[in-house]
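Chemist: One structure coming up, written as structure tokens, with questions to follow.
The values are calculated or read from the model by the stated rules, or taken from the named source; none is laboratory data. This structure is a prediction, so every number in the text was calculated from the model and none was measured. Note that each Cβ is placed from the backbone with ideal geometry, even for glycine, and that neighbours are counted across all protein chains shown.
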């Protein structure tokens with residue numbers, strides 16, 4: 001199964017390693033996926049999984065160590081300074097921490113005008129009107145123009161961050177845990193807003209999170225990452241109907257839920273044990289074997305490959321060996 | 001459009017009022033501000049406020065020399081019969097001028113170098129700037145000032161240049177520390193991702209977050225510069241007689257201690273109060289620039 | 001009949017700021033029985049942390065001010081105690097686990113040093129260093145930290161987030177307090193680690209018989225950990241019920257809004273969330289503070305604030321909608 005080349009985003013065999021005094025951090029280790037227009041891919045994982053590093057590499061804050069990234073067919077495997085202007089316009093990001101993603105010493109107006117100024121959208125007189133329009137789209141009143149971020153609550157700051165991401169008319173938005181620090185009711189508001197924008201503007205979202213319940217309701221496809229590698233990737237309904245990888249099952253069983261119906265969805269037999277290893281010391285073979293309840297000897301020796309267990313549903317686990325005649329699989 | 005024009009000055013006024021509220025919560029900072037305002041007033045208007053402005057120049061009247069503090073001469077007179085109160089006012093003038101000149105020469109280059117070195121941390125720009133800074137910092141300020149002043153003709157101007165030469169690295173160090181920690185913040189990365197120019201990131205994103213520390217340091221530095229200037233004058237390398245300078249006055253007056261104590265003590269106290277005022281004000285700046293928490 | 005160990009009665013707290021007075025706590029009342037686990041659920045800014053600061057006596061008194069109310073611990077009013085008396089209670093009668101284990105532990109002292117000082121100042125001043133160390137190692141063992149002896153000599157920076165939180169739990173339980181306050185103890189942890197820490201907390205609390213107040217914004221966590229749940233909004237308790245009762249029959253419109261806005265593992269999309277924002281504490285709404293956002297608000301809601309009234313033994317609600325059903 002081959003990824004369609006003019007998909008909004010195609011990531012092939014992406015690697016990002018950092019050299020530190022304590023050793024090499026294998027933050028992203030051969031990650032591949034593709035994302036089409038209007039789709040949301042949920043990239044789910046805990047600390048050390050590399051999900052944020054994937055986002056920062058796609059957006060161009062890091063240059064990949066190896067591998068390739070294609071945006072609408074064009075190669076973007078370089079840092080943002082080296083990319084052509086229209087690409088920086090087309091790919092935007094909303095960062096995780098509303099406290100520091102907006103400069104506390106600048107006003108909302110200045111913050112929202114920046115992308116317009118940099119990309120020379122509109123004339124100087126025009127820009128204020130455009131900024132007011134952006135505020136209206138995120139349902140904030142006009143007098144917020146003159147406020148500073150520290151006067152606003154976390155939810156409002158994130159809405160400004162979303163407005164900023166929309167300012168240049170992007171086609172792909174990376175959302176790095178945009179609502180993790182926010183309360184449930186504000187999260188609901190922002191997520192619904194994001195979904196509306198996605199429909200209106202045919203946006204593709206790469207949604208980084210640790211919250212599987214949220215992805216159940218937002219993502220078209222879900223990918224689970226652990227220590228830099230993708231363990232499982234599937235369309236949402238197949239993923240939740242048939243969670244296959246042992247780590248996926250451990251994640252699902254750890255989620256605190258509020259109703260008996262949800263309890264029934266959680267795999268009951270796998271209980272969370274062990275600490276997450278540091279990405280400086282990735283265990284050999286399958287990275288998860290130190291905590292896996294079903295692992296066996298080969299798991300600490302050889303790395304598992306991506307195998308298709310049902311249509312569109314791929315798992316990387318030695319308990320699902322690839323068929324003897326298969327070529328290396330490209331996950332879609 | 002009209003309402004917008006009305007709104008802008010209203011908001012500025014509101015911000016000022018709020019700033020004053022935050023500042024005035026600490027009575028000590030207000031005391032510092034009061035001292036600085038009084039000292040500045042005396043310094044600027046010295047020729048008009050001093051009872052004997054002529055005494056600031058060449059003036060001799062041995063009849064009244066070394067007389068104790070009295071109604072006519074509240075701080076007494078020195079060995080030449082000059083009114084010490086007037087000379088203290090003029091001395092403040094020199095001290096404050098020195099502080100203002102040095103800081104205005106030093107802050108801009110120091111801050112810019114610090115921003116560049118901090119943002120480009122790890123590259124050759126960082127290495128070059130910070131090693132040069134280290135070299136300058138390795139030499140004690142006073143010693144270098146003494147060296148420079150003794151090589152050139154001693155004068156107020158040369159003293160100011162000498163002190164300026166040693167002072168800029170402190171600002172570079174300060175801003176370097178701030179910039180290196182700030183450049184990893186998400187708002188800086190947002191600006192980079194949006195495609196903003198390096199100029200914008202340095203001066204519109206990083207610099208506003210350093211302003212609080214810079215102003216606090218500037219206020220504290222006024223005190224230091226005044227002390228160093230006075231020290232230079234004390235050893236004869238600053239302002240030359242008959243220009244009144246607080247340090248020189250203390251030096252000259254030291255010979256007459258403890259009998260004619262007023263000749264040395266009043267100028268010394270003037271230095272002390274001025275430096276204290278700037279220090280207290282510096283603390284107040286920190287409160288003034290602090291972001292209010294929601 | 002369980003005895004009430006901690007009782008908060010009609011607590012009112014305000015803060016003085018430039019713009020005026022923020023009237024944050026508007027009559028908080030609830031109680032904690034012996035060996036009971038109480039969950040306090042509310043969103044950011046509802047006043048739950050402020051309430052806990054009052055209980056521990058660490059509210060910053062300018063600009064904060066307790067204008068009304070009592071906090072009874074074993075029937076003694078904490079708000080009228082001197083700092084000296086409070087010192088004896090803090091740490092040994094009432095202890096606390098904070099949200100961020102990184103900030104809660106001093107990086108320049110070893111784990112052992114920190115637990116030992118908690119034990120020593122918690123009423124064992126006269127014990128020998130060896131005895132204190134033995135107790136500390138035992139506490140570390142109890143929180144299932146591997147190799148407690150080595151942990152004793154480690155520095156916090158050498159431990160992972162989950163381990164640090166376990167150390168904080170050990171410190172909180174080392175003095176066998178009557179009440180432990182856990183302020184978002186697992187929010188900063190990864191999901192799988194959170195599950196482990198919550199399981200541990202569950203076991204320990206059962207074994208020691210400590211009462212716990214779980215403060216959190218996560219309904220899911222409170223459902224796993226608490227026996228009784230209070231829902232807090234804008235400075236007062238709006239609903240309180242036995243855990244199962246609350247999740248099966250939530251009554252207050254705010255609670256209903258929260259539950260609807262939660263993304264469910266079973267799918268179904270996310271409801272629109274509660275319209276409006278939390279009130280401005282400078283000019284709070286009259287009567288019920290939720291009425292501007294309530295889909296079922298009536299004229300009476302703007303009048304006097306509804307008190308938390310008893311619907312049944314296991315369910316209290318502060319809402320005029322259910323006035324008719326409440327016991328007189």
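Chemist: Sort out which residues of the stretch A:77-133 are modelled with pLDDT of 90 or more, closer than 25 Å to residue A:179 by Cβ and in contact with a strand residue (DSSP E or B) (Cβ under 6 Å, 6 or more places away or on another chain), and write them in order of number.
Modeler: Correct list: A:91, A:92, A:93, A:94, A:95.
Chemist: Now, a different point. Residues that are away from chain A (no Cβ under 14 Å) and out of contact with any strand residue (DSSP E or B) (no Cβ under 7 Å at 6 or more places or on another chain), at least 3 per element: which helices (runs of 4 or more DSSP H) completely within the stretch B:104-222 meet that? Please lay out each step first, then the result.
Modeler: Details: elements: B:124-138, B:141-151, B:156-182, B:186-194.
So the answer is B:124-138, B:141-151, B:156-182.
Chemist: For the stretch C:158-250, which helices (runs of 4 or more DSSP H) that fit wholly inside it have 1 or more residues that are under 22 Å from residue A:263 (Cβ atoms)? Before you say what the answer is, go through the steps one by one.
Modeler: Working: elements: C:161-173, C:191-208, C:219-225, C:243-248.
Here the list reads C:191-208, C:219-225, C:243-248.
Chemist: Something else now. Does any residue in the stretch B:1-20 that is modelled with pLDDT of 80 or more come within less than 9 Å, Cβ to Cβ, of a residue that is in a helix (DSSP H, G or I) six or more places away or on a different chain, and which pairs are these?
Modeler: Pairs that qualify, where the first residue is modelled with pLDDT of 80 or more and the partner is in a helix (DSSP H, G or I), are B:20/B:288.
Chemist: Does residue C:166 count as in contact with a helix residue (DSSP H, G or I) (Cβ under 9 Å, 6 or more places away or on another chain), under 26 Å from residue A:277 (Cβ atoms) and at pLDDT 90 or above?
Modeler: Working: in contact with a helix residue (DSSP H, G or I) (Cβ under 9 Å, 6 or more places away or on another chain): yes; under 26 Å from residue A:277 (Cβ atoms): yes; at pLDDT 90 or above: yes.
Answer is yes for this residue.
Chemist: As an exercise: evaluate residue C:182 against (1) in contact with a helix residue (DSSP H, G or I) (Cβ under 9 Å, 6 or more places away or on another chain); (2) on the phi > 0 side of the Ramachandran plot and give the number of the one condition it does not meet.
Modeler: Single failed check for residue C:182: (2).
Chemist: Return yes or no: is residue C:219 away from chain A (no Cβ under 12 Å) and closer than 24 Å to residue A:266 by Cβ? Walk me through how you get there before you give the answer.
Modeler: Details: away from chain A (no Cβ under 12 Å): no; closer than 24 Å to residue A:266 by Cβ: yes.
So residue C:219 does not fit the description; no.
Chemist: Are any residues in the stretch B:22-56 exposed (fewer than 12 other Cβ atoms within 10 Å of the Cβ) and either within 15 Å of residue B:245 (Cα to Cα) or over 27 Å from the mean Cα position of the chain (by Cα) (or both), and if so, which ones?
Modeler: Within the stretch B:22-56, none qualify.
Chemist: Here is a follow-up. Can you tell me which residues in the stretch C:144-166 are within 26 Å of the chain's Cα centre (by Cα) and either without any contact (Cβ under 8 Å) to a residue 12 or more places away in the chain or within 14 Å of chain A (Cβ to nearest Cβ) (or both)? Walk me through it before giving the result.
Modeler: Of all residues in the stretch C:144-166, those within 26 Å of the chain's Cα centre (by Cα) come to C:144-145, C:156, C:159-166.
Scanning the stretch C:144-166 gives C:144, C:145, C:159, C:160, C:161, C:162, C:163, C:164, C:165, C:166.
Chemist: Check off (1) buried (at least 17 other Cβ atoms within 10 Å of the Cβ); (2) more than 30 Å from residue C:184 (Cα to Cα) for residue A:227 and give me the number that stays unchecked.
Modeler: (2)
Chemist: Go through (1) surrounded by fewer than 23 Cβ atoms within 10 Å (Cβ to Cβ); (2) within 22 Å of residue C:221 (Cα to Cα); (3) more than 9 Å from chain C (Cβ to nearest Cβ); (4) within 21 Å of the chain's Cα centre (by Cα) and name the single condition residue A:270 misses.
Modeler: For residue A:270, the failing item is (4).
Chemist: Going by the structure shown, is residue A:100 without any contact (Cβ under 8 Å) to a residue 12 or more places away in the chain, surrounded by 16 or more Cβ atoms within 10 Å (Cβ to Cβ) and at the interface with chain B (Cβ under 9 Å from one of its Cβ atoms)?
Modeler: Values: without any contact (Cβ under 8 Å) to a residue 12 or more places away in the chain: yes; surrounded by 16 or more Cβ atoms within 10 Å (Cβ to Cβ): yes; at the interface with chain B (Cβ under 9 Å from one of its Cβ atoms): yes.
For residue A:100, the condition - without any contact (Cβ under 8 Å) to a residue 12 or more places away in the chain, surrounded by 16 or more Cβ atoms within 10 Å (Cβ to Cβ) and at the interface with chain B (Cβ under 9 Å from one of its Cβ atoms) - is met.
Chemist: When you scan the stretch A:66-116, how many residues do you find that are in a loop (DSSP other than H, G, I, E, B) and under 12 Å from residue A:160 (Cα atoms)?
Modeler: To start, the set of residues in the stretch A:66-116 that are in a loop (DSSP other than H, G, I, E, B) comprises A:72-73, A:76-79, A:83-84, A:95-107.
With the extra rule that they be under 12 Å from residue A:160 (Cα atoms), the set shrinks to A:95, A:98-99, A:101-103, A:107.
Going through the stretch A:66-116 one residue at a time, the tally reaches 7.
Chemist: Can you tell me which of A:164, A:171 is within 18 Å of residue A:55 (Cβ to Cβ) and crowded, with 24+ Cβ neighbours inside 10 Å?
Modeler: On the way: A:171 fails: crowded, with 24+ Cβ neighbours inside 10 Å.
Residue meeting the stated conditions: A:164.
Chemist: How many of the residues making up the stretch A:165-183 are within 11 Å of another protein chain (Cβ to nearest Cβ) and either free of Cβ contacts under 8 Å to residues at least 60 places away in the same chain or assigned to a loop (DSSP other than H, G, I, E, B) (or both)? Give the derivation first.
Modeler: At the first step, the residues of the stretch A:165-183 found to be within 11 Å of another protein chain (Cβ to nearest Cβ) are A:165, A:167-168, A:170, A:174, A:176, A:179-183.
If we keep only those that are either free of Cβ contacts under 8 Å to residues at least 60 places away in the same chain or assigned to a loop (DSSP other than H, G, I, E, B) (or both) as well, we get A:167-168, A:170, A:179-183.
Counting residues in the stretch A:165-183 that are within 11 Å of another protein chain (Cβ to nearest Cβ) and either free of Cβ contacts under 8 Å to residues at least 60 places away in the same chain or assigned to a loop (DSSP other than H, G, I, E, B) (or both) gives 8.
Chemist: Out of the stretch C:249-282, which residues are touching a helix residue (DSSP H, G or I) at 6+ places or on another chain (Cβ under 9 Å), farther than 21 Å from residue A:139 by Cβ, in contact (Cβ under 8 Å) with a residue 24 or more places away in the chain and more than 7 Å from chain A (Cβ to nearest Cβ)?
Modeler: The answer is C:251, C:252, C:253, C:255.
Chemist: Right, next: Picking from C:111, C:137, which residue would you name as being within 18 Å of residue C:207 (Cβ to Cβ), surrounded by 15 or more Cβ atoms within 10 Å (Cβ to Cβ) and at pLDDT 90 or above? Let's see the steps before the verdict.
Modeler: Working: C:111 fails: within 18 Å of residue C:207 (Cβ to Cβ).
Within the list C:111, C:137, the selection yields C:137.
Chemist: Tell me, please, whether a residue that is in a helix (DSSP H, G or I), surrounded by fewer than 21 Cβ atoms within 10 Å (Cβ to Cβ), within 13 Å of chain C (Cβ to nearest Cβ) and out of contact with any helix residue (DSSP H, G or I) (no Cβ under 8 Å at 6 or more places or on another chain) can be found in the stretch A:148-156.
Modeler: Within the stretch A:148-156, one or more residues are in a helix (DSSP H, G or I), surrounded by fewer than 21 Cβ atoms within 10 Å (Cβ to Cβ), within 13 Å of chain C (Cβ to nearest Cβ) and out of contact with any helix residue (DSSP H, G or I) (no Cβ under 8 Å at 6 or more places or on another chain).
Chemist: Let me ask something additional. When you scan the stretch C:283-294, do you find a residue that is in contact (Cβ under 8 Å) with a residue 12 or more places away in the chain and within 11 Å of chain A (Cβ to nearest Cβ), even just one? Even if it seems obvious, please write down each step before you answer.
Modeler: Step one: of the stretch C:283-294, the residues in contact (Cβ under 8 Å) with a residue 12 or more places away in the chain are C:284-290, C:292-294.
With the extra rule that they be within 11 Å of chain A (Cβ to nearest Cβ), the set shrinks to C:293.
Yes, because at least one residue in the stretch C:283-294 is in contact (Cβ under 8 Å) with a residue 12 or more places away in the chain and within 11 Å of chain A (Cβ to nearest Cβ).
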